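Each remark here refers to the structure printed beneath this line.
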Amino acid sequence: MKTLRILALALCCVQARADTTVDPAEPYAYAANAGWINAYADGTNGAVIGQTFCSGYLYGANIGWISLSGVRTAVLRAGADSDGDGIPDPWELQMTGVLTVLSGGSHDADDDGVCDASEYGAVTAPLDDQSLLTFTAFSRSGTTDSLTWTVRPTRFYALWQAPAVSNGAAWAQNALGVISPDAGPAMTRTVNTASSAQFYRVQAVLPLSE
Ligand SMILES: [Ca+2]
Ligand SMILES: [Ca+2]
């Protein structure tokens, strides 16, 4: 009999991103010694310059094509963390009004199984045990697993998987990589695996952090 179990885990940031793109109606920049530079489309969204990881192309008549691949923008910090609990003060004050209700480590103010710092990582409500990053649906057809999890529009997500959670089995990030959230409260992705047992976890990636 096939056994399949799902683990849901919200982790704090590993990559920094913001989702600013070049306005396709006004894609130009100007430099005195290069002339006008046009930001060209990459797919349907245009050159993306505001993200940590840029994409698309620039073109200037005097300098030719400039690929944005591999270009990274500066890091935007989330704000001071005066009590050193791993949760920026602005978010902590917004959620609770003080800096003493939420704490770092394994502290879980609403006892929903997600620690306070990870609730910040997933931008879920740290005082609401119904608000958390979690899988909400799962199905398997043949060798294709379908997973649905809760999302926020200000976070990116990564799926991790492992054939076991013991015997030193390593977690590996799924080939989907870091993905943007779908519109709405949840998103679904499929994973092909011939393994009869597979464990999954989903990671929220902060857009504005180190
Ligand atoms: Ca919690
Ligand atoms: Ca919560």
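The values are calculated or read from the model by the stated rules, or taken from the named source; none is laboratory data. What you are looking at is a predicted structure, and each value in this text was computed from that prediction instead of being measured. Quick reminder, even Gly has a Cβ in these numbers, built from the backbone with ideal geometry, and neighbours come from all protein chains shown.
Do you know which of the residues in segment 80-101 that are assigned to a loop (DSSP other than H, G, I, E, B) and hydroxyl-bearing (S, T, Y) is farthest from the chain's Cα centre (by Cα)? Before you say what the answer is, go through the steps one by one.
Step one: of segment 80-101, the residues assigned to a loop (DSSP other than H, G, I, E, B) are 80-88, 97-101.
Still in the list and also hydroxyl-bearing (S, T, Y): 82, 100.
Numbers: S82: 25, T100: 27 Å.
Checking each candidate, the answer is T100.
Among the residues of segment 161-170, write down those that are surrounded by fewer than 17 Cβ atoms within 10 Å (Cβ to Cβ) and of a type in the set (G, A, S).
Keep residues of segment 161-170 that are surrounded by fewer than 17 Cβ atoms within 10 Å (Cβ to Cβ), which gives 163-170.
Of everything in segment 161-170, those that are surrounded by fewer than 17 Cβ atoms within 10 Å (Cβ to Cβ) and of a type in the set (G, A, S) turn out to be A164, S166, G168, A169, A170.
Taking segment 145-160 only, how many residues are surrounded by 20 or more Cβ atoms within 10 Å (Cβ to Cβ), more than 16 Å from ligand 2 (Cβ to nearest atom) and of a type outside the set (A, V, I, L, M)? Don't jump to the end; show me each part of the working.
Our first condition is that a residue be surrounded by 20 or more Cβ atoms within 10 Å (Cβ to Cβ); within segment 145-160, this holds for 145, 147, 149-151, 155-157, 159.
Next cut, more than 16 Å from ligand 2 (Cβ to nearest atom) only: 145, 147, 156-157, 159.
Now restrict to residues that are of a type outside the set (A, V, I, L, M): 145, 156-157.
Adding up the residues that qualify gives 3.
Restricting to segment 109-144, name every residue that is over 19 Å from L93 (Cα atoms), polar (S, T, N, Q) and near ligand 2 (Cβ under 8 Å from one of its atoms).
Q130
Of the numbered conditions (1) part of a loop (DSSP other than H, G, I, E, B); (2) farther than 18 Å from V205 by Cβ; (3) in contact with a Phe, Trp or Tyr (Cβ under 9 Å, 6 or more places away or on another chain); (4) within 15 Å of ligand 2 (Cβ to nearest atom), A164 satisfies every one except a single condition; which is it?
Of everything listed in (1) part of a loop (DSSP other than H, G, I, E, B); (2) farther than 18 Å from V205 by Cβ; (3) in contact with a Phe, Trp or Tyr (Cβ under 9 Å, 6 or more places away or on another chain); (4) within 15 Å of ligand 2 (Cβ to nearest atom), A164 misses just condition (4).
Select, from G113, G97, G121, the only residue that is more than 16 Å from ligand 1 (Cβ to nearest atom), outside the structural domain of W171 (by TED's automatic domain parsing) and not hydrophobic (A, V, I, L, M, F, W, C).
Values: G113 fails: more than 16 Å from ligand 1 (Cβ to nearest atom); G121 fails: more than 16 Å from ligand 1 (Cβ to nearest atom).
Going through G113, G97, G121 in turn, just one is more than 16 Å from ligand 1 (Cβ to nearest atom), outside the structural domain of W171 (by TED's automatic domain parsing) and not hydrophobic (A, V, I, L, M, F, W, C): G97.
Residue-wise test of (1) acidic (D, E); (2) modelled with pLDDT of 90 or more; (3) in a loop (DSSP other than H, G, I, E, B).
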| site | (1), (2), (3) |
| --- | --- |
| T44 | no, no, yes |
| V75 | no, no, yes |
| A78 | no, no, yes |
| S103 | no, yes, yes |
| G113 | no, yes, yes |
| S118 | no, yes, no |
| A125 | no, yes, yes |
| A137 | no, yes, no |
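Considering every residue within segment 124-139, establish whether at least one is farther than 14 Å from A197 by Cα and in contact with a Cys (Cβ under 7 Å, 6 or more places away or on another chain). Give the steps one after another, and end with the answer.
Filtering segment 124-139 for residues farther than 14 Å from A197 by Cα gives 124-137.
Okay, now just the ones that are also in contact with a Cys (Cβ under 7 Å, 6 or more places away or on another chain), so none.
Looking through segment 124-139, none of the residues is farther than 14 Å from A197 by Cα and in contact with a Cys (Cβ under 7 Å, 6 or more places away or on another chain).
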